[in-house]
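Beneath this line is the structure, given in structure tokens, with notes to follow.
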Amino acid sequence: MKNFPITFLWPDLLWLLLLIPLLIAGYWWLLRRKKKLAVRYASLAMVKDALGVRQTFRRHVPPALFLIALALMIVAVARPQAVMLLPSQHETIILAMDVSGSMRAADVEPNRLAASQAAARAFINDQPAHTKVGIVSFAGTAAVVQPPTRSKEDLIAAIDRFQLQRGTAVGSGILVSLKTLFPEMEFDLRSWNPRPEQAKSGPLDKARSKDKAAKDAPKPVAPGSYQNAAIILLTDGQTTTGPDPIESARMAAERGVRVFTVGIGTEKGEMIGAEGWSMRVRLDEASLKQIANVTQGEYFYAGNATDLRKVYESLSSKIVFEQRQTEITALFAAAAALFAVLAAMLSMLWYGRIM
């Protein structure tokens, strides 16, 4: 297990710990002074015999406990902090869910879409009250079907309204999820998937567009470093239109947002078709794994409805707990209070006074 050292927000106050040796020296001086005064009494030898070694040692216990309490108080004043496994303070989780035609394949019972909806409902119900959840659906295009909210009823109602559409733009799902997290973020989905009239733009126009995007882009941060939000992307991974999902994932990584990908379907896939056409839809795990790796997220495979529910449960635990540096002043203050109370109780019990 990796050891994380304790650091202090106000380390200069630790100099106050030098008071402890001074107090010990003062305590020792008082004991010697009392000993000299006691020499005047002829019965000193009888008192020593009555006390014994055990009694002599016991009288030092309450002051020692009080000095420990004082040392802990000084450490608490210096505001210690350490890296600990604590509940995450994720403010927002975006569920980006595939509603393309391939999601009606029945290789996951009753079909991919119904299984993903059931698992998403269970995931939402398991979230703590302080967590906001937003829902983005994507097919040929992507849209926010429910802005981030703590209302589980609204979230489940949005999931129940899903309608299958044509096309699969996984990259658009990621980008719209990012836009939901960062409303000030600017990007144009058409620049990755131009309309016929825009496709005629020359190399100079494209270069200018790239330069403008680079100029407006925020300074990149370390992948996975943004701790206030995460994206969960559920899809079969077969992109047919829209922006490159790997490039979209890189944009998420530059913002520090982790994308957890959930692959639903089977490697063999299933034939689907209508009105004289048919096609086999297979799970594209490679792209989903790459998206997760780029953003420091994680990929999960869900081959059936039961597996999918387990994936969401494990995602919930991964998102809710994380190692974070946090102030632990309260722990030291509590320990100081405990030692101080113990010192007072022993002094009252043994000597009928508080030290």
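The values are calculated or read from the model by the stated rules, or taken from the named source; none is laboratory data. What you see is a predicted model, and the numbers here were worked out from it, not measured in a lab. FYI the Cβ positions are ideal-geometry reconstructions off the backbone, even for glycines, and counts take in every protein chain you see. Just the protein is used for accessible areas: all its heavy atoms, side chains included, with ligands, DNA and RNA removed. Shrake-Rupley method; radii C 1.70, N 1.55, O 1.52, S 1.80 Å.
Checking the conditions here, which among Val176, Val170 is surrounded by 16 or more Cβ atoms within 10 Å (Cβ to Cβ), closer than 15 Å to Ser137 by Cα, at pLDDT 90 or above and touching an Asp or Glu at 6+ places or on another chain (Cβ under 9 Å)? Outline the logic, then answer.
Values: Val176 fails: touching an Asp or Glu at 6+ places or on another chain (Cβ under 9 Å).
None of the other options fit; the residue is Val170.
The residues of segment 102-147 that are assigned to a helix (DSSP H, G or I), free of Cβ contacts under 8 Å to residues at least 60 places away in the same chain, open to solvent by less than 40 Å² (accessible area, probe 1.4 Å) and not hydrophobic (A, V, I, L, M, F, W, C) amount to a single one, Gln117.
Among the residues making up segment 247-256, those that are part of a helix (DSSP H, G or I) and in contact (Cβ under 8 Å) with a residue 60 or more places away in the chain are Glu247, Ser248, Ala249, Met251, Ala252.
Among the residues of segment 220-245, the ones that are at pLDDT 85 or above, within 16 Å of Val259 (Cα to Cα) and either open to solvent by less than 10 Å² (accessible area, probe 1.4 Å) or in a strand (DSSP E or B) (or both) come to 7 in all. Screening Trp192 on (1) at pLDDT 85 or above; (2) surrounded by 14 or more Cβ atoms within 10 Å (Cβ to Cβ); (3) out of contact with any helix residue (DSSP H, G or I) (no Cβ under 6 Å at 6 or more places or on another chain) shows it passes everything except condition (1).
How many residues does segment 148-164 hold that are surrounded by fewer than 16 Cβ atoms within 10 Å (Cβ to Cβ) and either in contact with a Gly (Cβ under 6 Å, 6 or more places away or on another chain) or in contact (Cβ under 8 Å) with a residue 24 or more places away in the chain (or both)?
At the first step, the residues of segment 148-164 found to be surrounded by fewer than 16 Cβ atoms within 10 Å (Cβ to Cβ) are 149-154, 157, 160-161, 163-164.
Subset that is either in contact with a Gly (Cβ under 6 Å, 6 or more places away or on another chain) or in contact (Cβ under 8 Å) with a residue 24 or more places away in the chain (or both): 152, 160, 163-164.
Total satisfying the criteria: 4.
Asp98 passes every criterion in (1) open to solvent by less than 20 Å² (accessible area, probe 1.4 Å); (2) more than 23 Å from Leu308 (Cβ to Cβ); (3) of a type in the set (Asp, Glu) apart from (2).
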